[in-house]
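This report refers to the structure that appears directly beneath it.
Coordinate-derived values only; no laboratory data. Every value quoted in this text rests on a predicted model; they were computed, and no experiment measured them. No Cβ is skipped: glycine too gets one built from the backbone with ideal geometry, and neighbour counts run over all protein chains shown.
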Amino acid sequence: MSDQPAVLISEAEIAERVAALAERIAPRIDDETVVICLLTGGIWFAADLTRALSRLGRQVKFDALWLSSYRDERQSYGRCEVRGDLQRPVVGRKALIVDDVFDTGLSLSEAARLVRDAGASEVLTAVFASKPWPTERAIEPDFVAWEAPARFLVGYGLDVAGAMRGLPYIGAMD
């Protein structure tokens, strides 16, 4: 493994994709929609996406859900634990769950279930990167900004043992 990631998508390309995705999402939501960021990796994408939605006239509510299925490993340990629950009520509101990457689908599926159980009237999902997966996943995201390769990704919220999340681009560590 190289110490420096190979750049796959630049900061400028990320910004273009987020803006384009916001244009697709804006007609499907309203100002009462609660955007739910999956922590920790989704923070970068959620911040950019909510600003892009604001520029399009959507002043959404914001919340976060902290789920863990990776710890500091490169592979999911096969179950999802809730480390921090929702703080804002979603009963009768649309919810847009936002995450950095769709890999196994475990976190997104569990988050959608939790938000539906909390009473959301509709649950939509958006991820920045969707990685190919050899087996069927329980859920497919409603919105995807980038179809990523099957590589170990870092940057823009994606990490290796907690490091490299803050890179302004997405790179590969393989």
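Remarks
- Residue separation of Asp117 and Ala161 scaled by 0.36 nm, minus their Cα-Cα distance, works out to 12.7 nm of gained length.
- Extension gain, Phe152 back to Glu11 (0.36 nm per residue minus Cα-Cα distance, nm): 49.0 nm
- Where only DSSP H runs of four or more residues are counted, the chain gives -7500 deg cm²/dmol as its mean residue ellipticity at 222 nm, each run worth -39500 (n - 2.57).
- The value given for the range 6-168 is a Kirkwood hydrodynamic radius of 15.7 Å, derived from the mean inverse Cα-Cα separation.
- Extension gain, Val91 to Ala20: 0.36 nm times the residue separation minus the Cα-Cα distance gives 22.7 nm.
- Relative contact order of the chain, defined on C-alpha pairs under 8 angstrom at six or more residues apart (%): 26 percent
- On the basis of the beta-carbon distance and an R0 of 22 Å, Glu140 and Ala47 show a calculated FRET efficiency of 0.35.
- Label sites at Asp174 and Gln59, each approximated as a point 7 angstrom past Cα along Cα to Cβ, lie 4.5 nm apart.
- By DSSP, the beta bridges lying fully in the chain are antiparallel in about 30 percent of cases.
- Separation of alpha-carbon centers, the range 41-65 and the range 113-137, rounded to whole Å: 17 Å
- Modelled spin labels at Arg28 and Ser109, positioned 7 Å past Cα toward Cβ, are 2.0 nm from each other.
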